[in-house]
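Below: the structure, in structure tokens.
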Amino acid sequence: MIKLVRLDERMIHGQIAIKWSRVTGVDRIVVVNDEAAENSVIKKSLMMAAPQTVRVAIKGVRDSIALLNDPRMDTVNVLVIVAKLDDLLAVVEEVKNIPKINIGNYGRLAKPLGTDERKTFSHHLYADTYEIELFKKLISYSIPTIYQVTPEDADVSLKDALGI
């Protein structure tokens, strides 16, 4: 079963390997990213960063959605990591039983989705006008959606973090 879906443009890194995977008690991580799925160097880097106790799948968006909807996924504990906001929306629109969405690191590395300059909402959250509209759409799904970089940080509703 999905324990958490996290938007994090860095995908698997120390916070994921050491903190989030332990706090969520997962035994699987699914990375949703077309580029990573097709690039063996990125794939190897992400696999090396993952905790050894967790099985990792790095798949494109369509394949990830199919995997996450497979009934066999109900027997394992899964952390889903999505690097791009528009991919996150595709996952939320098509995957059932998402209990919670965590916005971690977004907007410093990713190519902007809109045409205007990104606004800083915190040290780890940046969004342009178009991305804010996508975040609003994400919130409209009524899945608890928080902004929280590490488990030690206080969680803040995404709505409050963006001031919307």
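Values quoted throughout were computed directly from the atomic coordinates according to the rules given, and no laboratory measurement underlies them. Worth saying up front: this structure is predicted, and the values here are computed from it rather than measured. Counting neighbours? That spans all protein chains shown, and the Cβs are built from the backbone with ideal geometry, glycine included.
Side notes on the structure shown:
- Environment charge at residue 27 (Cβ cut-off 11 Å; Lys +1, Arg +1, Asp -1, Glu -1): +3
- Straight-line cross-link partners of residue 3 among the lysines, defined as a Cα under 26 Å from its Cα and at least 8 positions apart when in the same chain: 19, 43, 44, 59, 84, 96, 100, 136, 137, 159.
- Cleavage-rule hits, trypsin sites (Lys or Arg not before Pro), segment 84-164, DSSP coil, Cβ neighbours within 10 Å at most 10: 96
- Restricting the calculation to alpha carbons of the chain gives Rg and Dmax of 14.7, 43 angstrom.
- Trypsin sites (Lys or Arg not before Pro) restricted to segment 41-73 and DSSP loop, no more than 13 other C-beta within 10 Å: none
- Net charge in the neighbourhood of residue 10 (other residues with Cβ under 14 Å of its Cβ; Lys, Arg +1, Asp, Glu -1) is +1.
- From least to most packed, judged by other beta carbons within 10 angstrom and beginning with the fewest, 24, 75 follow the order 75, 24.
- Rounded to 0.05, the FRET efficiency of the residue 77 and residue 109 pair, given R0 = 35 Å and the Cβ-Cβ distance, is 0.80.
- Charge tally around residue 79: other residues with Cβ under 9 Å, Lys/Arg +1 each, Asp/Glu -1 each, net +3.
- Residue (of 129, 107, 21) at the positive-pole extreme of the chain, dipole from beta-carbon charges: 21
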